[in-house]
Amino acid sequence: KQEVTQIPAALSVPEGENLVLNCSFTDSAIYNLQWFRQDPGKGLTSLLLIQSSQREQTSGRLNASLDKSSGRSTLYIAASQPGDSATYLCAVRPEGGKLIFGQGTELSVKP
Amino acid sequence: DGGITQSPKYLFRKEGQNVTLSCEQNLNHDAMYWYRQDPGQGLRLIYYSQIVNDFQKGDIAEGYSVSREKKESFPLTVTSAQKNPTAFYLCASSGGPTGNQPQHFGDGTRLSIL
């Protein structure tokens, strides 16, 4: 059974720092992996989607990587800003299956 | 603006009552999904639909029902059989062949028990 884990559960950094959020999954047979952002009391905003054949995707200050063989993905945020404070969730789609979510990392960027 | 609209934002249910959460999308997406989010837990899939007039149970379908009579609409009914309905409910949709497009989410409905 596919399980998705995100560590740490919470992270606090000073503004301007580069940071990495981690996502691991137990079964490497995935179709794609998606990173989301969730602000308090709001829905999820899709940040990046990486297909199983890709190694990374970039959007602005965000870069997501995927290593299927080791069951890991990272989300790199460059030059963090207070506006980046939110909960970040990763989700994997097993081949032929539905999205399976991690529990998220709550990020706080201090001015 | 294209997007997903969930209503109401807050909903209260009395004992023994069924309540219905609305989800409408104007993205022309074929697939729609309902998730439940509890504090400290990830999202869990309740029901999903890949095409009009067809839907499948997710991981926690007991106590819930859905319909998909129109492409744009996927309402979720929380029945009195759902004994612990207090949660944040999220609706999502995606387009393209199954699975290769990102899911887009609404802003959620928070359901509480009176």
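Here is how the numbers come out for the structure above:
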read-out	value
Per-q log10 I(q)/I(0), chain B, q = 0.15, 0.19, 0.23 Å⁻¹ (Debye; single scatterer per alpha-carbon; no solvent)	-0.59, -0.95, -1.36
Max mean-square fluctuation residue, GNM over chain A, Cα-Cα springs under 10 Å, options A:41, A:83, A:16	A:41
Filter on B:14/B:71; A:1/B:71; A:1/B:57 - keep pairs with C-alpha separation over 24 Å	B:14/B:71; A:1/B:71
Rg to Rh quotient for segment A:1-45, alpha carbon positions, Kirkwood Rh	1.02
Given A:98/B:70; A:110/B:83; A:42/A:110, the pairs whose alpha carbons are separated by over 29 Å	A:110/B:83
Spherically averaged projected area in nm², based on the convex hull that wraps the Cα atoms of the protein assembly as shown	12.5 nm²
Proximal charge balance of residue B:111 [Cβ under 10 Å; K/R count +1, D/E count -1]	+3
Under Karplus coefficients 6.51, -1.76 and 1.60, residue-wise ³J(HN,Hα) of segment B:23-34 in Hz, glycine/proline x	9, 10, 10, 10, 8, 6, 7, 7, 9, 9, 9, 10
Rounded to the nearest 20 debye, dipole of segment A:54-94 from Cβ charges on Lys, Arg, Asp, Glu	160 debye
Cβ-placed point charges (K, R +1; D, E -1), dipole of the protein assembly as shown about Cα centre in debye, nearest 20	320 debye
Rounded to whole Å, sorted largest first: equivalent-ellipsoid semi-axes of segment A:6-111, Cα gyration tensor	23, 14, 12
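Each value in this text was obtained by applying a stated rule to the coordinates, not by laboratory testing. No experiment lies behind these values; they were computed from the predicted model shown. FYI the Cβ positions are ideal-geometry reconstructions off the backbone, even for glycines, and counts take in every protein chain you see.
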